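See structure below.
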Amino acid sequence: MNKPSILIYALGGCKDYQLKLIDMYEKLKELHDHADLVWNPYLMDSKFDNIPDVDIAFIEGNAVDEDQVAILKQIRDKAKFVITLGGCGSYEKIPELKTPFTAAESLETVYIKTETTDEGRIPYKSIPKVLETSKSPKDIIKVDYNLRGHCHTPKEMLKAIKDIVSGERPDIPAKELCQHCHAEEVKE
Amino acid sequence: MSNIITIAPCTRIEGEGKISLHLDDSRKITDARFHAVEFKSFEKFMEGRHIAEAPFIAPRMSAISSVSHHLAAAKACDNLFKVTIPPTAKLIRQLMHMGQFIHAHSLHLFYFAMPDIFFPYDSKKRNIFGMMDTQPEFTEKAIELRKCGQEIIRIITGRHTHPTHAVPGGVKDALTEEQKKDIETLIYKAKDLIHELVPVIKNIFADNDKLFNFYAPIKTHYVGLSDNGSLDLYDGKVIVDAPHKRLLEFPEEEYAKHFGEKVATWSYMKFPYIRNQGWPNGLFRVGPLARLNVSDKISTPLAQQELKEFRKFFNTSKQVHGTLQYHWARLVELVYAVEKAEDIINHPEIMHENIRQHYTIKAGSGVGVIEAPNGLLIHHYTCNDNGTIKRCNIIEGSEMNNGGINMSVKEAAKQYLNGQEITEPILNMIEIAVRAYGPTL
């Protein structure tokens, strides 16, 4: 694969991998030399009405609303490979914490019951409908690889990206640093 | 007839937001809104969890501001259990916090904001890669400065984001001599970089003075922490100032008496306001500009000099109003964060080994207030005898600025959409209003 095109998109989650991208520091240039980052709203002015065809799409997080599901499907149609990043992207982790509660209960607590909210009501206009439970990308679309684990170092991230862009299966440790992440690691 | 143009997603910010522009038939703006489109339910799913977990789960609200969320939750626990943390623990917490300010302010300034100044008309180049290509030396230094901040956090906590180092009653570990030495090296490097970068950035800002003065020149109330008139990012009283007038000064535990939140049907972010001013008069702003506006002075010399120059440039003795002025204020605070980190690492008590105060789990309620890079952050937890969280309330800086972001977006839309053809650079000029606040949605 000659200098492939990539896109990176974050669904609901802790946005850690977006930041990990920047934590490559000066090596971000190296990434740029190895692959054409063509769509990433975090670093570039990439809009939803202009998602390009790409070789590889990296997805962080879980879909938490209907718009994210739609974007994810669009990205699947446009990408040769879809790779999920981290605990939230591959399994559920942080967004999963809300699973014991219905969407209605969560919305009611945040927009009506909290101590400082006055004349609360549930927002609904011009914003996407919240899913009943958050969904891992693999439950919505076909995912080609999971980069499991969490909080990989910038060096590990760059190695994984280099592996994938050179056609190799990414080989980085699926380590778990988060003491509150309980989801069991599933081997492919 | 009304036409709606949507800018989605807003780019070069953390999290997801969009702008809707309502136009009449002559392409003049009738309304403009900034919508936070992702629902976060931390206040619900914290219920039922153990209070001591709060400092470890709360940072997941934001990657950029994860240290502030971590510390606000830890401070809420300290207050709930009525423990006074040892002075060295406070110093270590403040040091990681300064690391975060160096990284977050550098990120917002260099990666998110400066591309707008360098490439207003070219959306392909308007990013950090465009800056790497056209301003390689400047960008390399900017990246290096941010790295110093992130590395300070990593050395203290073992990771760059989402730390677990602060615990109720203090921090987990004292600093080792090796850590201290490594942090000192980073701080001195950051100081050198500040000396090189700040004059260049100020020149760029000064060259764009018309833009600074013209762009969405809004005035609001301002809210921030202050320690007897000095800028303080960790502690202090909450100050509420109207333009040229002090309105309120209160301790953190009284926040719910003074702040209310309105809900709009069209955004997942609420609109905080000052209760005794009513809505919408009580709308206020937080973050770098607000913090400088409620401060008389800064305790470190270089930042104090920068504050003076900032005020002089905008021809005022104290408050500076507007929108893009947030970036300049961010630069002043960036200088402060580096100097404050130096003060902390040289503090005689930084290496003491008493870093944790014993606490007993008991029922109660605790509020922790801190300044996150984008503004005042409040965590409030109520738990039972077993330490199970029964209620949680979190108000964070982006939300505190929701009213201000919407005002700036509307004002910018009025300035740039007055009947002419709508192009990508014009829409970006409106989106710049959002980036000024550095929201983490």
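Considering the range B:230-270 alone, what residues qualify as being more than 10 Å from chain A (Cβ to nearest Cβ), of a type outside the set (Asp, Glu) and in contact (Cβ under 8 Å) with a residue 60 or more places away in the chain? Answer for the range B:230-270, where residues must be more than 10 Å from chain A (Cβ to nearest Cβ), of a type outside the set (Asp, Glu) and in contact (Cβ under 8 Å) with a residue 60 or more places away in the chain: B:SER230, B:LEU231, B:LEU233, B:TYR234, B:VAL238, B:PRO243, B:HIS244. Among the residues of the range B:147-159, those identified as among the charged types (D, E, K, R) and open to solvent by less than 60 Å² (accessible area, probe 1.4 Å) are B:LYS147, B:GLU151, B:ARG159.
Residues of the range B:167-187 that are β-branched (Val, Ile, Thr) and out of contact with any Asp or Glu (no Cβ under 9 Å at 6 or more places or on another chain): B:VAL167, B:VAL171, B:THR176, B:THR185.
Restricting attention to the range B:40-68, the residues that are touching a Leu at 6+ places or on another chain (Cβ under 7 Å) and closer than 22 Å to B:PRO439 by Cα total 3. Could we say that A:LEU28 is within 18 Å of A:PRO170 (Cα to Cα), of a type in the set (A, V, I, L, M, F, W, C), open to solvent by less than 60 Å² (accessible area, probe 1.4 Å) and within 11 Å of chain B (Cβ to nearest Cβ) here? Here the answer is no, as A:LEU28 does not meet what is asked. If you check B:ILE422, B:ILE405 for being touching a residue at least 24 places away in the same chain (Cβ under 8 Å) and farther than 23 Å from B:LYS219 by Cα, only one passes: B:ILE422. In the set B:ILE370, B:ILE355, only one residue is closer than 30 Å to B:VAL263 by Cβ and surrounded by 21 or more Cβ atoms within 10 Å (Cβ to Cβ); that residue is B:ILE370. Of everything in the range B:52-84 that is crowded, with 24+ Cβ neighbours inside 10 Å and not in a helix (DSSP H, G or I), the residue that is nearest to the other protein chains (Cβ to nearest Cβ) is B:ALA63.
Test A:ILE122 against the stated conditions and say whether it is in contact with a Lys or Arg (Cβ under 7 Å, 6 or more places away or on another chain), modelled with pLDDT of 95 or more and more than 7 Å from chain B (Cβ to nearest Cβ). For A:ILE122, the condition - in contact with a Lys or Arg (Cβ under 7 Å, 6 or more places away or on another chain), modelled with pLDDT of 95 or more and more than 7 Å from chain B (Cβ to nearest Cβ) - is not met.
Any residue in the range B:88-100 that is within 14 Å of chain A (Cβ to nearest Cβ) and farther than 30 Å from A:PHE101 by Cβ? Yes, because at least one residue in the range B:88-100 is within 14 Å of chain A (Cβ to nearest Cβ) and farther than 30 Å from A:PHE101 by Cβ. Here B:ARG146 meets the list (1) more than 10 Å from chain A (Cβ to nearest Cβ); (2) assigned to a helix (DSSP H, G or I); (3) more than 30 Å from B:LYS362 (Cβ to Cβ) almost entirely, failing just condition (1).
Quick one: would you say B:ALA433 is open to solvent by less than 10 Å² (accessible area, probe 1.4 Å), more than 12 Å from the chain's Cα centre (by Cα) and touching a residue at least 40 places away in the same chain (Cβ under 8 Å)? In short, yes.
Only one residue in B:ILE361, B:ILE345 is out of contact with any Leu (no Cβ under 9 Å at 6 or more places or on another chain) and either closer than 30 Å to B:ARG49 by Cβ or modelled with pLDDT of 95 or more (or both). Which one?
Step by step, each of B:ILE361, B:ILE345 is checked, and only B:ILE361 is out of contact with any Leu (no Cβ under 9 Å at 6 or more places or on another chain) and either closer than 30 Å to B:ARG49 by Cβ or modelled with pLDDT of 95 or more (or both).
For the range B:112-146, filtering for residues that are within 15 Å of A:LYS27 (Cα to Cα), in contact (Cβ under 8 Å) with a residue 40 or more places away in the chain and open to solvent by 10 Å² or more (accessible area, probe 1.4 Å) leaves 2. Scanning the range B:166-179 for residues that are surrounded by fewer than 15 Cβ atoms within 10 Å (Cβ to Cβ) and not acidic (Asp, Glu) yields a count of 1.
Within the range A:41-67, residues that are facing chain B (nearest Cβ under 8 Å) and without any contact (Cβ under 8 Å) to a residue 40 or more places away in the chain have Cβ atoms under 8 Å from residues that are of a type in the set (Phe, Trp, Tyr) and not in a helix (DSSP H, G or I) in these pairs: A:PRO41/A:TYR9; A:SER46/A:TRP39, counting only partners at least 6 apart in sequence or on another chain. Being closer than 10 Å to A:LEU7 by Cα and open to solvent by less than 10 Å² (accessible area, probe 1.4 Å) is the filter here, so list the residues in the range A:52-76 that pass it. Within the range A:52-76, A:VAL54, A:ILE56, A:ALA57, A:PHE58, A:ILE59, A:ILE75 qualify. Only one entry of B:GLY260, B:GLY224, B:GLY229, B:GLY236 meets the criterion of being within 23 Å of B:GLU333 (Cβ to Cβ) and open to solvent by less than 10 Å² (accessible area, probe 1.4 Å), and that entry is B:GLY224.
Whenever a residue of the range B:346-359 is more than 13 Å from B:PRO86 (Cα to Cα), its partners that are open to solvent by less than 100 Å² (accessible area, probe 1.4 Å), lying with C-beta atoms within less than 6 angstrom and at least six residues away or across chains, give the pairs B:HIS347/B:LEU91. Among the numbered conditions (1) open to solvent by less than 10 Å² (accessible area, probe 1.4 Å); (2) under 16 Å from A:ILE6 (Cβ atoms), the only one that A:ASP23 does not meet is (2). For the range B:13-43, a residue qualifies if it is closer than 30 Å to B:THR382 by Cα and without any contact (Cβ under 8 Å) to a residue 24 or more places away in the chain, and exactly one does: B:SER41. The number of residues in the range B:240-267 that are under 30 Å from B:VAL338 (Cβ atoms) and in contact with a Lys or Arg (Cβ under 7 Å, 6 or more places away or on another chain) comes to 2.
The values are calculated or read from the model by the stated rules, or taken from the named source; none is laboratory data. As the structure is a computational prediction, the values presented were derived from the model and not from experiment. Every residue, glycine as well, gets a Cβ built from its backbone with ideal geometry; the counts of neighbours run over all protein chains shown. Accessible surface is based on the protein model in full, side chains and every heavy atom, while ligands, DNA and RNA are left aside. Shrake-Rupley method; radii C 1.70, N 1.55, O 1.52, S 1.80 Å.
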